[in-house]
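Only the coordinates and a few stated rules stand behind these numbers; no lab work does. As the structure is a computational prediction, the values presented were derived from the model and not from experiment. Note that each Cβ is placed from the backbone with ideal geometry, even for glycine, and that neighbours are counted across all protein chains shown.
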Amino acid sequence: MNFDNLKVTDPLCYDLVQKEIGRQETTLELIPSECIASLSVIEALWTPFTNKYSEWYARKRYYWWNEFVDEVEELAIERAKKAFPWVAHVNVQPYSWSPANFAVYVATCKPWDTIVWQSLLDWGHLTHGWKASVTWSFFNSVQYHVREDWYVDLEETARIIRENKPKLVWIGASAYPRVFPFEEIAKIADEVGAYVAADIAHISGLVISWVHPNPAPFVDIITTTTHKTLRWPRWWMIMVTEKWLKKDSELVSKIDKAIFPGLQWWPHNHQTLAIAVALWEALSKEFVDSNIQIVKNAKYLASKLIDLWFEIVSGWTDNHLMLVNVGRWRWVFMQEALDMAWITLNKNTIPKDPASAFYPSWIRLWTPIVTMRGMKEQDMEKIANWIKRVSDEVVQFVYNEDKEERAKILEWFYTYIKENKELAKIKEEVKEFCLKFPIYK
């Protein structure tokens with residue numbers, strides 16, 4: 001990748017870019033929520049479209065000379081409808097997850113209306129109504145949960161919807177390894193006249209590749225991030241289905257007005273261009289094949305971890321991610337030790353987790369990035385074996401509830417992993433392995 005101008009004008013920032021490129025090239029990235037944008041997408045993000053001020057929507061701009069910006073936005077919308085052929089309307093201007101999801105509230109609800117969603121402690125998302133989110137302050141938030149087997153509790157969900165008669169029901173989660181019950185929940189919501197929004201941030205690439213059920217026939221609104229299994233730039237989209245239009249033809253304009261001028265101002269035109277480029281890539285057979293392989297790799301990795309005596313949430317995965325039990329070691333030991341071996345993932349709680357979110361006993365990992373690099377099933381076995389070897393090195397470290405004792409253990413632990421020769425050996429193996437799968441060739 002070429003950054004010649006940056007190298008001359010700001011060598012310090014240039015050096016940081018090179019370090020980050022080197023880190024990505026030589027580590028196994030298993031953190032959900034990350035992806036690899038193509039060079040074409042990255043080039044689109046660099047364009048002078050970033051210079052242009054483009055308040056409002058295409059063909060309705062307040063400022064002059066937006067003809068080419070209009071063409072870019074219209075192209076992005078046209079391609080989005082081809083990638084998601086079941087939607088009737090697309091808004092490509094949302095800056096991020098929070099304003100996009102909040103726009104759904106603004107369009108469908110009034111202050112203090114009741115909303116129903118999957119609890120954050122059961123892998124739901126903060127923006128769906130958690131108490132730390134502004135959504136908690138403006139709406140009556142009621143949560144449904146998962147059962148003991150970690151599937152969504154449809155019996156409880158039906159009771160909650162019928163008793164509370166919400167205005168809006170969310171379906172979606174950030175760490176749910178099974179198929180989402182779009183049809184089942186939507187049918188219940190329809191009984192009480194609630195709008196149904198599917199947040200498919202994690203699985204949208206799988207959905208358009210037909211390796212996860214499509215929510216569109218059942219829900220009214222679909223929101224998605226663009227930088228996970230879609231492998232686009234960091235952005236967001238709101239889509240309206242035909243089902244929604246039959247309920248209220250005015251809600252399309254309500255969504256658009258909720259984004260602008262309700263919650264945002266001018267769009268980021270370079271991002272819109274990058275979305276258009278990425279959408280073109282998403283229409284290719286290579287994109288579909290890659291998402292099919294993502295699921296194959298996830299299932300194979302889960303099977304190998306199970307063979308190595310790791311416990312997987314719900315015993316399996318239907319999609320691209322999984323949660324793995326690291327037991328009494330707790331996340332702080334496994335995650336830090338894996339980092340030393342240049343394998344990155346993240347801590348995660350499970351429903352009714354006895355541990356805190358800071359020291360949970362589960363880790364979350366997924367397969368999109370390693371798959372985008374060209375890795376296949378046989379490579380997942382290597383990753384599983386590396387995870388097992390790392391766990392063997394920290395098995396003697398046991399989490400302690402006492403704060404002072406925990407501090408002593410952690411001090412000993414950090415010294416230990418820095419000096420551990422086996423972790424250093426795994427790190428070199430991982431680096432050598434990763435260089436066989438360059439990100440940008």
Counting Lys and Arg as +1 and Asp and Glu as -1 over every other residue whose Cβ sits under 15 Å from the Cβ of Leu283, the net charge comes to +1
For the chain the mean separation of alpha carbon contacts under 8 Å (6+ apart) over residue count, i.e. relative contact order in percent, is 21
Quick calc: nm separation of the 7 Å Cα→Cβ label points for Trp46 and Tyr151 -> 5.0
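At a Förster radius of 35 Å, what calculated FRET efficiency corresponds to the Cβ-Cβ distance of Phe3 and Leu410, to the nearest 0.05?
0.35
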For the chain, with a Gaussian network of springs between Cα atoms less than 10 Å apart, report the residue from Phe218, Phe68, Phe180 with the top mean-square fluctuation.
Phe68
Calc'd 3J(HN,Hα), the stretch 15-22, phi into Karplus 6.51 cos²θ - 1.76 cosθ + 1.60 (θ = phi - 60°), Hz, glycine/Pro = x, comes to 5, 5, 4, 5, 5, 5, 4, x
In terms of the Cα gyration tensor, with a ≥ b ≥ c the square roots of its eigenvalues, is the stretch 44-282 rounded because a/c is under 1.5, prolate because a/b exceeds b/c, or oblate?
prolate
Beyond a 22 Å Cα-Cα separation, which of these cross-linked pairs lie in this structure: Lys131/Lys246; Lys167/Lys246; Lys388/Lys425; Lys187/Lys247?
Lys131/Lys246
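Calculated FRET efficiency, Trp316 and Glu250, Cβ-Cβ r, R0 30 Å, to nearest 0.05?
0.10
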³J(HN,Hα), Karplus 6.51/-1.76/1.60, whole Hz, each residue of the stretch 216-224, x for Gly, Pro
4, x, 10, 10, 9, 10, 10, 10, 8
To make sure I understand the rule: partners must be lysines, Cα under 23 Å from the Cα of Lys60, and not fewer than 8 residues away in the same chain. Which ones qualify?
Lys52, Lys81, Lys254, Lys257
Computed helical MRE - 222 nm, the chain, DSSP H runs ≥ 4 contributing -39500 (n - 2.57), nearest 500:
-14000 deg cm²/dmol
Expressed to one decimal in nm², the mean projection of the alpha carbon convex hull of the chain is 22.3
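For the stretch 191-260, what's the relative contact order in percent, using C-alpha pairs closer than 8 Å and at least 6 residues apart? Working shown, then result.
Working: 96 pairs, mean separation 18.9, N = 70.
It comes to 27 percent, rounded to a whole number.
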Of Tyr14, Tyr151, Tyr63, which is the most mobile in a GNM of the chain whose springs link Cα atoms less than 10 angstrom apart?
Tyr14
On a straight-distance basis, which aspartates and glutamates could pair with Lys304 in a cross-link, Cα separation under 12 angstrom, same-chain partners fewer than 8 positions away excluded?
Glu377, Asp379, Glu381
Kindly state, to the nearest 0.05, the FRET efficiency for Val288 paired with Asp402, given R0 = 56 Å and r defined as their beta-carbon distance.
0.60
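Compute the Cα gyration tensor for the stretch 285-434, then decide on rounded, prolate or oblate, letting a ≥ b ≥ c be the square roots of its eigenvalues: rounded whenever a/c is under 1.5, prolate when a/b is larger than b/c in the other cases, and oblate in all that remain.
oblate
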Listed by chain and number, the lysines with an alpha carbon less than 16 angstrom from that of Lys431, same-chain partners under 8 positions apart left out, are Lys19, Lys382, Lys421
Any idea what Rg and Dmax come out to for the stretch 1-125 if you just take the C-alpha atoms, in Å?
19.8, 55
Dividing the alpha-carbon Rg of the stretch 205-339 by 2.2 N^0.38 Å yields what?
1.37
Using the Karplus curve 6.51 cos²θ - 1.76 cosθ + 1.60 with θ = phi - 60°, work out ³J(HN,Hα) for each residue of the stretch 178-192 in order, rounded to whole Hz, and write x for Gly and Pro.
10, 5, 6, x, 4, 5, 5, 5, 4, 4, 5, 4, 4, 4, 9
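When ranked by the protection proxy of mean other Cβ atoms within 10 Å per residue, highest first, what sequence do the peptides 391-402, 231-242 form?
231-242, 391-402
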